[in-house]
Every structure is written in C-alpha cells, then in structure tokens.
1. Find the relative contact order for the stretch 22-101 and round it to a whole percent, using C-alpha pairs within less than 8 Å whose residues are 6+ positions apart.
2. Using a cut-off of 18 Å between alpha-carbon atoms, which aspartates and glutamates can reach residue 74, once sequence neighbours fewer than 8 places away in the same chain are excluded?
3. Can you pull out the trypsin sites (Lys or Arg not before Pro) in the stretch 27-82 that DSSP calls coil and that have at most 14 other Cβ atoms within 10 Å?
4. Could you work out the Rg to Rh ratio of the stretch 22-101, with Rh taken as the Kirkwood radius (inverse of the mean 1/r over all Cα pairs)?
5. For residue 102, go through the lysines and keep the ones whose alpha-carbon is under 18 Å away, minus same-chain ones fewer than eight residues off.
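The numbers here are math on the coordinates, done by the rules we state, and not lab data. Here the structure is a predicted model, which is why all the values come from computation and not from measurement. Every residue, glycine as well, gets a Cβ built from its backbone with ideal geometry; the counts of neighbours run over all protein chains shown.
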Amino acid sequence: MKTMSVLVALFLFALPALALADGKSDFAAKCARCHEGDARTVTKRANILKIDPKKLALRASDMNEAEMIAIVEKGKNQMPGFENELTKEQIQAVVDYVRSQKK
C-alpha cells in the first residue's frame, strides 16, 4: 500500500513538469506569431520587420541546438529573449519541437 502511495505521489508531481516541457504548445504561445505560417505569410512578416525571411523560417534554419537555445534564451536582433518567461526545460522542449519539424 505504501508503495502505491509513493507511485501516485510521484505521478502527481511529475505531471505538471511534463506539461511545462510541452514544446509544441510553448512554441504556439511564444513563437508561432512570427515563425509559423506558409512562405507568403512569413515573407510578409519579414518585410514588416525588415529582416531576411530565412530568419523567420525555422524549418530552413541551419542553426545547431546550442545556437537555437541561446537565441531563445537571450534573443537576437528584433527577437526578444524568453529566459525570464520560460524555464530551461521549456526552452529545450521548444528547440526540440522546432528541430523535429525540420525532418
């Protein structure tokens, strides 16, 4: 019985942590506004921001994982950093999600 209680407690505490690491929903909430859409939409946003559309088209990015994490944390150029809004686990999950979409 004690073992079952411990397992239930672990599950209940692990569940919120799993929810926090949901890269797809964090991407949708924080990134998709600028980085999601068809080529025409991304190009239109890039023109408004006066940047190269390739910088918004993450699926075409050649950045490695560490570079992506650094930019999500600290920001770059017109993109804000999210280190004060997302945990390291959430940032890693967002980067993992983006990288999984490139395949």
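1. Numbers: 68 pairs, mean separation 29.7, N = 80.
Reported as a whole number, the value is 37 percent.
2. 26, 65, 83, 85, 89, 96
3. Details: sites: 30, 33, 40, 44, 45, 50, 54, 55, 59, 74, 76; in loops: 50.
Of the trypsin sites (Lys or Arg not before Pro), the ones in loops of the stretch 27-82 whose Cβ has at most 14 other Cβ atoms within 10 Å are 50.
4. Using Cα coordinates only, the ratio equals 0.93.
5. Partners within reach: 24, 54, 55.
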